[in-house]
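The values are calculated or read from the model by the stated rules, or taken from the named source; none is laboratory data. Bear in mind that the values here come from a model prediction, so they are computed numbers and not experimental data. Don't worry about glycine lacking a Cβ; one is built from the backbone with ideal geometry, like all the others, and counts go over all protein chains shown. Remember, those area values only see protein heavy atoms, side chains included, never the ligands or the DNA or RNA. Shrake-Rupley method; radii C 1.70, N 1.55, O 1.52, S 1.80 Å.
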Amino acid sequence: MGCGFELRKKQILAELQRVQELKVAEIVDLTGAAIATIRRDLLKLEEMNLIVRTFGSIRPVAQKSLVARTFEQRSESFRREKQRIAARAAQLVTPGMTVVIDSGTTCWNLASCLKEKAPLRIITSALAVIETLGGVPEIEINLVGGRFRVENLDFFGPVSVDNFRQFHADIAFLSCDGFLPGAGAFSGDAESAAICRAIRKCADRCIMLCDSGKIGKGESFLALSPESIDGIITDREVAEITDFAGQVIIAAE
């Protein structure tokens, strides 16, 4: 197919961005290629997952959101466990509450579980939470701004920490990169640890969402000491967690 195909591909995809649907006859007129050539091109474009063929026409493949693209691979690790943890965490929320939701894939799952809990006031620095709950009636979203980091799809830094001080919440749900019951919750970077501490200060109750793969694992930066954490929700009994003085909730299957 060579350069001819590449040129036709660019023409077809550019026109699809404009009109969202093209008939085969229109593509022939657009490119000046023979109908047999266009049919081969469309088959190739479909194999490349760039278009969807219908009866006599084509449409662009729906593009995943930034949140889905960023979290898709990460969410596969302990996926079912994270979903169970999120569902159990949602049981602690009742309509009318003000809730802080941290960033991370488990907190993203939690946001999905809160759609039926309206009315709620949500405070978050996470883009995934906004995308999930932003269009739900009677759920008010308060975004804590700051410096945006695309790898975690959240806001961080001194502005974020200061903004959290302006709020008061009934409950906060936090994520971590590691949890040592005798030492506390840890983050992989200083900025995330600072956000955890800021969230803790603005909430009456702090619940850590932590799959069992993170328990017993330390990271570089202490986010919260054990006495700062009211409870932890995890997916199974883990020997290391028996020393934790706070509430331990097991999100069983």
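Some notes on this structure:
- Dividing the mean sequence gap of close Cα pairs (under 8 Å, 6+ apart) by how many residues the chain holds gives a relative contact order of 14 percent.
- A Gaussian network model of the chain, with springs between Cα atoms under 10 Å, assigns the largest mean-square fluctuation among Gly135, Gly231, Gly145 to Gly135.
- Sparsely packed GluC sites (Glu not before Pro) within segment 103-177, loop by DSSP, other Cβ within 10 Å at most 12: Glu138, Glu151
- Under DSSP loop assignment and at most 13 Cβ neighbours within 10 Å, longest trypsin sites (Lys or Arg not before Pro)-free interval of the chain: 65-164
- Fraction of antiparallel bridges per DSSP, the chain only, in percent to nearest 5: 40
- Shape of segment 88-204, Cα gyration tensor, a/c cut at 1.5: prolate
- Between helix 79-90 and the chain there is an angle of about 60 degrees, using the helix long axis and the longest principal axis of the Cα atoms.
- Acute angle (nearest 10 degrees) that the helix 35-47 long axis makes with the longest principal axis of the chain, alpha-carbon atoms: 10
- Working note: Karplus 6.51/-1.76/1.60 with θ = phi - 60° gives segment 10-18 the couplings 4, 5, 5, 5, 5, 5, 5, 4, 7 Hz, where Gly and Pro are set to x.
- Cα Rg, Dmax, segment 84-144, angstrom units: 10.0, 27
- For Arg205 and Val61, the difference between the fully extended length at 0.36 nm per residue and the C-alpha to C-alpha distance is 47.5 nm.
- Two-decimal Rg to Rh for the chain - Kirkwood Rh, Cα set: 1.15
- 20 Å cut-off, amide nitrogen to a point 7 angstrom out along Ser220 Cα→Cβ, residues in segment 129-160: 147-158
- Scalar couplings 3J(HN,Hα) for segment 179-193, obtained by applying the Karplus form with A = 6.51, B = -1.76, C = 1.60 to θ = phi - 60°, are 9, 10, x, x, 10, x, 9, 10, 10, x, 8, 5, 5, 5, 4 Hz; x denotes Gly and Pro.
- Computed log₁₀ I(q)/I(0) - Debye formula, equal Cα scatterers, no solvent, segment 179-236, q 0.16, 0.25, 0.28 Å⁻¹: -0.43, -1.07, -1.28
- Among the GluC sites (Glu not before Pro) in segment 179-241, those placed in a DSSP loop whose Cβ has at most 15 other Cβ atoms within 10 Å are Glu237.
- HN-Hα J in Hz across segment 162-175 - Karplus 6.51, -1.76, 1.60, θ = phi - 60°, x for Gly and Pro: 5, 5, 4, 5, 7, 10, 10, 10, 6, 8, 10, 10, 10, 10
- Stretched out straight at 0.36 nm per residue, the stretch from Ala68 to Leu50 would grow longer than its current Cα-Cα span by 4.7 nm.
- Of all accessible heavy-atom area on the chain, the percent that carbon and sulfur account for (1.4 Å): 50
- Loop GluC sites (Glu not before Pro), segment 1-60 (other Cβ atoms within 10 Å of the site Cβ: 13 or fewer; DSSP): Glu21
- Label-point separation in nm, Ala190 to Arg147, each point 7 Å along Cα→Cβ: 1.0
- Amide H within-cut-off set for Ile141, under 5 Å, with H built and near neighbours excluded: Ile122
- Farthest toward positive dipole pole in the chain [+1 Lys/Arg, -1 Asp/Glu at C-beta], among Ala33, Ser125, Gly4: Ala33
- Taken over the chain, lysine pairs spaced eight or more positions apart, or on distinct chains, with alpha carbons under 22 Å apart number 14.
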